[in-house]
Amino acid sequence: HERYELVFLDLKLGRENGIDLLPQLLSAAPGAGVVVMTAFAAVDTAVAAMKAGAFDYLPKPFTPDQLRVLIGKWEQLRGLRAEVSSLREQV
């Protein structure tokens with residue numbers, strides 16, 4: 001019942017795959033950014049995650065600095081989206 005702007009989704013979820021859950025998350029929370037993270041990083045899963053709509057892909061283990069950079073990129077994108085929306089309203 002709460003709205004989240006940035007979601008961290010693990011690739012391995014027991015029997016399920018995080019990439020399979022990604023479309024449901026994006027449908028339930030339009031405009032949210034989803035970061036797929038995994039300890040089993042591979043190019044094919046990164047590509048699949050991005051094609052499915054992930055904002056980014058984060059291999060584990062990650063550092064606090066990597067997390068700060070990723071959140072900064074999200075905030076920048078969010079600001080650009082708000083600016084585009086505002087400009088469209090003006091036009």
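The values are calculated or read from the model by the stated rules, or taken from the named source; none is laboratory data. All values derive from a computational prediction rather than experimental measurement. Cβ coordinates were reconstructed from backbone atoms using ideal geometry, including for glycine residues, and neighbour counts include every protein chain displayed. Areas reflect the complete protein model, heavy atoms only, side chains present, ligands, DNA and RNA absent. Shrake-Rupley method; radii C 1.70, N 1.55, O 1.52, S 1.80 Å.
Annotations
- Expressed as a whole percent, the accessible area of the range 29-91 that falls on carbon and sulfur atoms is 62 (1.4 Å probe).
- Long-range tail of P(r) for the range 1-54 (Cα pairs > 14 Å, %): 48 percent
- Residue-normalised convex hull volume from the C-alpha trace of the chain: 119 Å³ per residue.
- The range 6-91: trypsin sites (Lys or Arg not before Pro) falling in loop per DSSP and having at most 10 other Cβ within 10 Å: Arg15
- The chain: DSSP helices with Cα axial extent of at least 24 Å and average Kyte-Doolittle hydropathy no lower than -1.0: 64-90
- Electrostatic dipole magnitude of the chain [Cβ: Lys, Arg +1; Asp, Glu -1; Cα centre; debye, to 20]: 60 debye
- In the context of the full set of protein chains, the range 49-91 has a per residue accessible area of 77 Å² (1.4 Å probe).
- Distant-in-sequence amide contacts of Asp10, defined by a placed amide H-H separation under 5 Å and a gap of 5 or more residues or a different chain, comprise Met37.
- Within the chain, antiparallel bridges make up roughly 20 percent of the DSSP beta bridges whose residues both belong there.
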